[in-house]
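To start, the structure under review is shown below, and the notes come after it.
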Amino acid sequence: MATEVKLPMLHPRAHAEANPDRLAIIMGETGEVTTYGQLEGRANQAAHLFYGVGLRPGDALAILMENHPRYLELTSGAQRSGLRYTAINSHLTPAEVQYILDDCGAQALVASSGVAGALAGLDLSRVPARFMVDGAGEGFAPYEDHAAKEPETPLDTELEGTEMLYSSGTTGRPKGVRKPLPATPLGDPTARQVQMAQGWAGRYGLQPGDVYLCPAPLYHAAPLVASMSTNRVGGTVVVMERFDPERCLQLIERHRVSHAQFVPTMFVRMLRLPEEVRVRYDVSSLRMVVHAAAPCPVAVKEGMLGWWGPIIYEYYAGTEDIGGTWIDPNEWLEHRGSVGKARDTAVLHIVDAEGDECPVGTPGTVYFSGHEATFEYHNDPEKTKAVFNDKGWRTLGDIGYLDEDGYLYLTDRKAYMIVSGGVNIYPQEAENTLAVHPAVVDVAVIGVPNPEYGEEVKAVVQVEDLSTAGPALEAELIAYCKERLAPYKCPRSVDFADELPRDPNGKLYKRLLRDRYWAGHQSRII
């Protein structure tokens, strides 16, 4: 017999009981809706299904799907089952998927027919339970058929689970970020997921009935956690199957979106819409827009603030949850380019190569202390150890500096720093400069081999029409950069690309670009 569990308002069940017909999820493209009553019943069915195939609290579930109507019911089912659930990037190659499945020790996998290509040739012999949404594939049972047989009532014992997500692998192989399993009763206020929802309601001002737009893939930490937190609070999540700038504006107007979270590349694409398209849609319902995940050029943020008004907030943090910063729009206008001050209990430190704290305005490695949350890189104690310095402070590997008021400015990741003739060059400065040139769709600045200086600065640029690429545009871009930055920070050459290796959440796989050049790649068109 299932036991009745009464929960505080920070859980979807509480809202299903109070307002079962309230919309929990809306799919942006198809318009398919899921009410809170449906979400509760389907999440319970998922939990029973996971239990029925042998999963117990602490076990590993993998989810490999595009943004799909079933996604949040699966993660909600795993969350209330005490599981560790790993959302896998649906754009990975089969070899990359195999690595994550093996590394996380998945005992069950739920995939969709839409990502069948990523399943090709996988060795799933160590994943005993396999289900497919939207049909059955070889070696997979049809998820909907099996879930429909399960009760819509809760499990007898429900414990808070947790996500175990993998880093994007922008500087190396993906790393599983393993956090302590709460193992507390569902809805327990001490559970990190409950506290995240409290922060979502408090810091972001999201209330029951508000509408959150998720334009990014749910396999990433921020979109997934924000969407699940919205459902805990009682808001509606509008999920975009894929980002399209005009479609985004349409959805904001249609669903009266109050909250949204973007990455800077999405801002760029919306700002480049023709003026007549931008003014066509009513975005006045927006009360708070948050951005993170990648550096935002000052000119891009200024453009968005000029368009949407002072509602754009920013934070700096990582999946590892070692600490973070926060800045509101008014603060940003006084400290343009900053990602804010340390938030909550975290304390910022800028540390030089000798381990000493840097003076104001001097770049160094960004460390946090004072934040109690713990994590480890799954199956990699050496990488976990490398996060700490001798004082116990922790870093994500970013470079930055503080101003006199304690605001943090990021200059780049440590792994991307270019050393040319003994001079440290942070490529983010040139990237931010070139990103606002009208001919540039996307840009990456990297260090490439130079026989005299060790490295030299190169820009790899994506343009709308590759036929416009050539020596004239190369010279124009270099001159444009030199007008705005010291010459040594600017590219000595520009290569042109059809597309840069950037994931749908805006993170650039700069490692893939660097590898091409350091392996001796010479082509002007890559």
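The values are calculated or read from the model by the stated rules, or taken from the named source; none is laboratory data. As the structure is a computational prediction, the values presented were derived from the model and not from experiment. All Cβ positions, glycine included, derive from the backbone under ideal geometry; neighbour counts span all protein chains shown. Please note that ligands, DNA and RNA were not included when accessible areas were found on the heavy atoms of the full protein model with its side chains. Shrake-Rupley method; radii C 1.70, N 1.55, O 1.52, S 1.80 Å.
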- Task: Report, ordered by the first and then the second residue, all pairs with beta carbons closer than 8 Å, sequence separation of six or more or different chains, a first member in the range 135-158 that is under 19 Å from residue 36 (Cβ atoms) and of a type outside the set (D, E, K, R), and a second member that is surrounded by fewer than 17 Cβ atoms within 10 Å (Cβ to Cβ) and modelled with pLDDT under 95.
- Result: 151/2; 153/2; 154/2; 154/3; 154/4; 155/2
- Residue within the range 371-381 that is of a type in the set (A, V, I, L, M, F, W, C) and farther than 16 Å from residue 179 by Cβ present: no
- Query: residue 34 is checked against (1) under 19 Å from residue 160 (Cα atoms); (2) more than 23 Å from the chain's Cα centre (by Cα); (3) part of a strand (DSSP E or B) and fails just one. What number does that condition carry?
  - Reply: (1)
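Conditions (1) outside any helix (DSSP H, G or I); (2) out of contact with any Cys (no Cβ under 7 Å at 6 or more places or on another chain); (3) modelled with pLDDT under 95; (4) under 23 Å from residue 339 (Cα atoms), marked per residue:
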{"position": "406", "(1), (2), (3), (4)": "yes, yes, no, yes"}
{"position": "433", "(1), (2), (3), (4)": "no, no, yes, yes"}
{"position": "441", "(1), (2), (3), (4)": "yes, yes, yes, no"}
{"position": "448", "(1), (2), (3), (4)": "yes, yes, yes, no"}
{"position": "475", "(1), (2), (3), (4)": "no, yes, no, no"}
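Which ones in the range 448-467 are of a type in the set (D, E, K, R) and open to solvent by 40 Å² or more (accessible area, probe 1.4 Å)?
Matches in the range 448-467: 452, 464, 465.
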- Return yes when residue 78 is open to solvent by less than 10 Å² (accessible area, probe 1.4 Å) and assigned to a loop (DSSP other than H, G, I, E, B) and no when it is not. no
- Quick one: residue 412 ticks every box in (1) acidic (Asp, Glu); (2) open to solvent by less than 20 Å² (accessible area, probe 1.4 Å); (3) out of contact with any Pro (no Cβ under 7 Å at 6 or more places or on another chain) bar one, so which box is it? (3)
- Query: Quick one: what pairs do we get from the range 296-310, first residue farther than 20 Å from residue 284 by Cβ and without any contact (Cβ under 8 Å) to a residue 60 or more places away in the chain, second in a helix (DSSP H, G or I) and open to solvent by 20 Å² or more (accessible area, probe 1.4 Å), C-beta under 8 Å, 6+ apart or different chains?
  - Reply: none
- Message: Could you go through the range 340-351 and let me know if any residue there is in contact with a helix residue (DSSP H, G or I) (Cβ under 9 Å, 6 or more places away or on another chain), under 18 Å from residue 319 (Cβ atoms) and touching a residue at least 60 places away in the same chain (Cβ under 8 Å).
- Response: no
- Reported set for the range 374-403 where residues are open to solvent by less than 90 Å² (accessible area, probe 1.4 Å) and in a helix (DSSP H, G or I) is 383, 384, 386
- Note on the structure: Among (1) out of contact with any Pro (no Cβ under 8 Å at 6 or more places or on another chain); (2) at pLDDT 90 or above; (3) under 22 Å from residue 464 (Cβ atoms); (4) open to solvent by less than 40 Å² (accessible area, probe 1.4 Å), residue 481 falls short only on (1)
- Residues of the range 21-51 satisfying the condition of being more than 23 Å from residue 84 (Cβ to Cβ), hydroxyl-bearing (Ser, Thr, Tyr) and open to solvent by 30 Å² or more (accessible area, probe 1.4 Å): 30
- Restricting to helices (runs of 4 or more DSSP H) lying wholly in the range 266-373: which have 3 or more residues that are over 22 Å from the mean Cα position of the chain (by Cα) and charged (D, E, K, R)? 275-278
- Message: So the check is Cβ under 8 Å with 6+ separation or different chains; which pairs have a first residue in the range 419-447 that's closer than 16 Å to residue 513 by Cβ and open to solvent by less than 40 Å² (accessible area, probe 1.4 Å) and a second one that's part of a loop (DSSP other than H, G, I, E, B) and among the aromatic types (Phe, Trp, Tyr)?
- Response: none
- Is it the case that some residue within the range 52-75 is assigned to a helix (DSSP H, G or I), more than 24 Å from the chain's Cα centre (by Cα), touching a residue at least 40 places away in the same chain (Cβ under 8 Å) and closer than 20 Å to residue 162 by Cα? yes
- Given the conditions (1) outside any helix (DSSP H, G or I); (2) in contact with a Pro (Cβ under 6 Å, 6 or more places away or on another chain), and given that residue 257 satisfies all but one, which numbered condition is not satisfied? (2)
- Item | Index of the failed condition, residue 212 passing every other in (1) over 28 Å from residue 85 (Cα atoms); (2) modelled with pLDDT of 95 or more; (3) of a type outside the set (Gly, Ala, Ser); (4) buried (at least 22 other Cβ atoms within 10 Å of the Cβ) | (1)
- Note on the structure: Residue count, the range 183-236, condition over 18 Å from residue 289 (Cβ atoms) and touching a residue at least 24 places away in the same chain (Cβ under 8 Å), comes to 25
- What about residue 419, is it at pLDDT below 90 and β-branched (Val, Ile, Thr)? yes
